[in-house]
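First up is the structure itself, then whatever we jot down about it.
Nothing in this text is a laboratory measurement; each read-out follows from the coordinates by a stated rule. Keep in mind the model is a prediction, meaning the values are calculated, not measured. As a convention, Cβ positions derive from the backbone with ideal geometry for all residues, glycine included, and neighbour counts pool all protein chains shown.
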């Protein structure tokens, strides 16, 4: 990818070869279906979905798709993600293996519930202060 400013997820996806575009479009669709209320944007130069704060990010690399559901999203699915390389808030899905779209869906649904709950707790805390 070159260094020009990417302004939308469509622009981001178009920077890649067709076979990678297909995967990125499918990841995007899975996220949209799991989080229909979420807004799309580019953050940290990556496709990002936002719902009561950052929900998930994803990105394409030479040999993998990076998926960033925050540390809580990784921890909650630690067992299912154990076969993949990852870090505290990220996982790498190798391009030479099938992308686990169903697992991505479950993680996004988890993050939606988590972000909604956090937003509700913040709202309650504000009401108590008044």
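For segment 13-42, residues that are surrounded by fewer than 13 Cβ atoms within 10 Å (Cβ to Cβ) and in contact with a strand residue (DSSP E or B) (Cβ under 8 Å, 6 or more places away or on another chain) total 1.
Could you go through segment 71-89 and let me know if any residue there is surrounded by 12 or more Cβ atoms within 10 Å (Cβ to Cβ), touching a helix residue (DSSP H, G or I) at 6+ places or on another chain (Cβ under 8 Å) and under 22 Å from residue 8 (Cα atoms). Checked against the condition, which is being surrounded by 12 or more Cβ atoms within 10 Å (Cβ to Cβ), touching a helix residue (DSSP H, G or I) at 6+ places or on another chain (Cβ under 8 Å) and under 22 Å from residue 8 (Cα atoms), segment 71-89 yields no hits at all. Looking at segment 82-99, which of its residues are free of Cβ contacts under 8 Å to residues at least 24 places away in the same chain, outside any loop (DSSP other than H, G, I, E, B) and within 15 Å of residue 60 (Cα to Cα)? Of everything in segment 82-99, those that are free of Cβ contacts under 8 Å to residues at least 24 places away in the same chain, outside any loop (DSSP other than H, G, I, E, B) and within 15 Å of residue 60 (Cα to Cα) turn out to be 85, 86.
Applying the criterion of at least 3 residues that are without any contact (Cβ under 8 Å) to a residue 60 or more places away in the chain, under 18 Å from residue 119 (Cβ atoms) and under 10 Å from the mean Cα position of the chain (by Cα) to the strands (runs of 3 or more DSSP E) found wholly in segment 1-63 leaves 46-50. Pick from segment 90-107 the residues that are out of contact with any strand residue (DSSP E or B) (no Cβ under 6 Å at 6 or more places or on another chain) and under 16 Å from residue 31 (Cα atoms): which of them is surrounded by the most Cβ atoms within 10 Å (Cβ to Cβ)? Among those that are out of contact with any strand residue (DSSP E or B) (no Cβ under 6 Å at 6 or more places or on another chain) and under 16 Å from residue 31 (Cα atoms), it is 107. Checked against (1) in a helix (DSSP H, G or I); (2) under 16 Å from residue 12 (Cα atoms); (3) without any contact (Cβ under 8 Å) to a residue 24 or more places away in the chain, residue 102 passes all but condition (2).
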